[in-house]
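Since the structure comes first, as structure tokens, the remarks are kept for the end.
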């Protein structure tokens, strides 16, 4: 059934609850997130990381995960500010 022939509910919406849930943009973001997680958890060796003065030894996946989360938080912050 094409989108134009989709049955309408009494309130005017379409009968499928998930009709707008999987847009191409959301599918792409899910694919990028999955690939990022696979990349992060494939890199498990220990690395030395130095941030200004302290030097720590930790698994590379931990450092990559922290960097990804910080990047996502910054992106969300700037996107939210732009919408206002």
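Coordinate-derived values only; no laboratory data. Computed from a prediction, not measured in an experiment: that's the story for all the values here. A quick note on method: Cβ atoms are made from the backbone with ideal geometry, for glycine too, and the neighbour counts reach across all protein chains shown.
Between residue 65 and residue 33, residue separation times 0.36 nm minus the direct Cα-Cα distance comes to 10.4 nm. The fewest-to-most ranking of 37, 52 by surrounding Cβ atoms within 10 Å reads 52, 37.
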